[in-house]
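Report on one structure; see the data block that follows.
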Amino acid sequence: MYTKQDFNFTTLGRTLILGFSYQHDDRSLHFIQVLWTALNKQFNKQLEDSTTTFNSINLFFKEDFQIEQIKPTVLKTIDVLGFKKTNPTKLWKLPVCTNEQYTVDVHDFFNGDIQRVNAYIDRFLSLEFHLVFYGFLPGFPYLGGLPSEMAIPRKATPSRITQKGSVAIGGDQVGIYPQDSPGGWNVVGNCPTPLLDFTKSPPNRIEPADRIQFFKISTAEYSEVLTAIENNTDHPYINPYPHD
Amino acid sequence: MIEVIDAGFYSSIQDQGRVGYRHLGVPISGAMDKKAFDLAHQLLGKTSDFSCIECTLIGPILRFHEPCSLVLTGAHMQAWVNETPIQNNISIAILPGDVLKLRRATKGLRTYIKINQTIISPVVLGSTSFYKPLTQDAVLKKGSHIFWIKSEKVINKSNARIRWDDSYLLSNDLAVEKGPEFNVLSKAAQQQIFKNDFLINSQNRMGYRISSSFSMDAVSMLSGAVRPGSVQITPSGTLLIAGVDGQVSGGYPRIFQLTEEGLNVLVQKKEGDTISFKSRDKLPQKEF
């Protein structure tokens, strides 16, 4: 949890960066969300955009600003924040196929030791992650919650293509590639369910501080989902629903 | 209607950008050169219509099937209507059948074609700006047709030339503020970086890559906010300057932020050009 002494102020042109140390617990993540919402409201008309990352809230002002004038308002907002710890976040369960063709990177990392690969994947599936923020690509979620002993360093040379849907590990961060893209993270499975729909408003259903768990599906189920998406038909795995 | 006879090197529809979706990882997009874009809009735009065609290095060849007025701003390209050479920043009357031909940029890199009609292009998240895969296409294609909303009257402004200072097209100086991680540079490098000239290795709408001799130890940091004009430095010393299609977050130290003016200067530079960094202020950065 945070108090106002935990925040520092820097700027990047017209962007005010409110920095803090990343704390991966339900309450801290939720606190940042509540603060972010309050700051958006506070500076509403002066902002063209705002974002969060693991350790910052970033306010994109429309015009040049004086940090001395903004800082007291931010600190005041933190002071009077009506944060209640009881507000639970949502839990989303996402399908992931861990068939060999989607786990080549993990096989490479463990030098083909099947037992260690399976142990790693089993443990991965038992974990609960948090969505921290979207970045890198449109709809790319950064998930926190991977224990440090499960961290896998980024590839020395990025892959030319990391496939759409890839659930991948970069250090102790987890992400899901919303499109084919060059990528340096190690793929641990593939989630066929698109998380965002940019034709909808809002495009996202899963919000920062929400929790995410993966469950294993077979290759046959994976194909069913892709076919259903292609034919625009329904499938239980396409529209995940939130659990409390 | 505009028929694309030749798409040029990299031509796309751009407007004021996709404002307000960075929190979903969506870059702002829109015109790279805001100054030229704003001028075009002042000369010919309507209040609610911002779409124009951004051309890069080699412009397109376009046949107009209906009358309109157009203006070119930004980089100077070899430009003709039919066989008659035309200049930037002047409203030009176009008749049905006229062919606008833009070829190589002679000064600057990016030219904007603005017509006095509202271009019809799919709106995604509040913007017509091409950005694949949010929009179907990244660039205009040969043979494609650009339609506009037919208004009752075509405004033919007189060919009054607007006074405009485009000396920034020839500038190599990028005005910068120090970024949050400026101090990753050694004390010597902090001085030297304002003295050297740097060569542009490559560029596109996502950003510019510039090599430098400032190699350093890898800094392990969490991804932070990046905006157009943010200058990050990689361990090998490559400077990455974000463009309008650039990622909204990045994991390398942010040593500079270009001013709006500095960014306009940069985006008119091409591969092989050199640039230098000039401090906008001498104030120490920035922990309050």
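Would you tally the residues in region A:98-147 being part of a loop (DSSP other than H, G, I, E, B) and closer than 29 Å to B:Val248 by Cα?
12
Can you tell me which residue in region A:150-166 is surrounded by the fewest Cβ atoms within 10 Å (Cβ to Cβ), limited to those that are more than 11 Å from every other protein chain (Cβ to nearest Cβ) and under 20 Å from A:Ser218 (Cα atoms)?
That would be A:Gln163.
What's the number of the only condition in (1) crowded, with 23+ Cβ neighbours inside 10 Å; (2) modelled with pLDDT of 95 or more; (3) of a type in the set (A, V, I, L, M, F, W, C) that B:Ala40 fails to meet?
Checking B:Ala40 against (1) crowded, with 23+ Cβ neighbours inside 10 Å; (2) modelled with pLDDT of 95 or more; (3) of a type in the set (A, V, I, L, M, F, W, C), the one that fails is (2).
Hey, any hits in region B:182-205 for a residue that's surrounded by 22 or more Cβ atoms within 10 Å (Cβ to Cβ), within 14 Å of another protein chain (Cβ to nearest Cβ), modelled with pLDDT of 90 or more and under 26 Å from B:Gly17 (Cβ atoms)?
no
Go through the residues of region B:52-70 one by one and say whether even a single one is within 14 Å of chain A (Cβ to nearest Cβ) and either more than 14 Å from the chain's Cα centre (by Cα) or of a type in the set (Gly, Ala, Ser) (or both).
no
So, of the residues in region A:22-36 that are surrounded by fewer than 19 Cβ atoms within 10 Å (Cβ to Cβ) and either facing chain B (nearest Cβ under 10 Å) or of a type in the set (Val, Ile, Thr) (or both), which turns out to be nearest to the chain's Cα centre (by Cα)?
Top of the filtered list is A:Tyr22.
Counting only residues that are crowded, with 20+ Cβ neighbours inside 10 Å and among the basic types (Lys, Arg), which one in region B:102-140 is farthest from B:Thr84 (Cα to Cα)?
B:Arg110
Please tell me if B:Phe198 is farther than 23 Å from A:Arg14 by Cα and in contact (Cβ under 8 Å) with a residue 12 or more places away in the chain.
Working: farther than 23 Å from A:Arg14 by Cα: yes; in contact (Cβ under 8 Å) with a residue 12 or more places away in the chain: yes.
Yes.
Among the candidates B:Gly251, B:Gly224, B:Gly237, single out the residue that is over 23 Å from B:Tyr21 (Cβ atoms) and outside the structural domain of B:Val26 (by TED's automatic domain parsing).
It is B:Gly237.
Filter region B:214-235 down to residues that are within 13 Å of chain A (Cβ to nearest Cβ) and within 17 Å of B:Ile200 (Cα to Cα) and give me whichever is surrounded by the fewest Cβ atoms within 10 Å (Cβ to Cβ).
Out of the qualifying residues, it is B:Thr234.
For region B:1-119, which strands (runs of 3 or more DSSP E) that fit wholly inside it have 3 or more residues that are hydrophobic (A, V, I, L, M, F, W, C)?
By residue number, B:2-6, B:52-56, B:61-64, B:68-81, B:92-94, B:99-115.
Going through region A:1-20 one residue at a time, which ones are more than 10 Å from chain B (Cβ to nearest Cβ) and over 14 Å from A:Ile70 (Cα atoms)?
Within region A:1-20, A:Met1, A:Tyr2, A:Thr3, A:Lys4, A:Gln5, A:Asp6, A:Phe20 meet the criteria.
Find the strands (runs of 3 or more DSSP E) located wholly in region A:167-216 whose residues include 2 or more that are more than 14 Å from chain B (Cβ to nearest Cβ) and either in contact with a helix residue (DSSP H, G or I) (Cβ under 7 Å, 6 or more places away or on another chain) or charged (D, E, K, R) (or both), and list them.
Numbers: elements: A:173-176, A:181-183, A:186-190.
Filter on region A:167-216 gives A:186-190.
Taking region A:98-149 as the search range and keeping residues that are within 14 Å of chain B (Cβ to nearest Cβ) and among the hydrophobic types (A, V, I, L, M, F, W, C), which one is farthest from A:Asp180 (Cα to Cα)?
Residues of region A:98-149 within 14 Å of chain B (Cβ to nearest Cβ): A:131-144, A:146, A:148.
Next cut, among the hydrophobic types (A, V, I, L, M, F, W, C) only: A:131-133, A:136-137, A:140, A:143, A:146.
Numbers: A:Leu131: 21, A:Val132: 22, A:Phe133: 20, A:Phe136: 13, A:Leu137: 10, A:Phe140: 11, A:Leu143: 19, A:Leu146: 23 Å.
Here the answer is A:Leu146.
The values are calculated or read from the model by the stated rules, or taken from the named source; none is laboratory data. What you are looking at is a predicted structure, and each value in this text was computed from that prediction instead of being measured. Methodologically, a virtual Cβ is constructed for each residue, glycine included, from the backbone with ideal geometry; neighbour enumeration extends over all protein chains shown.
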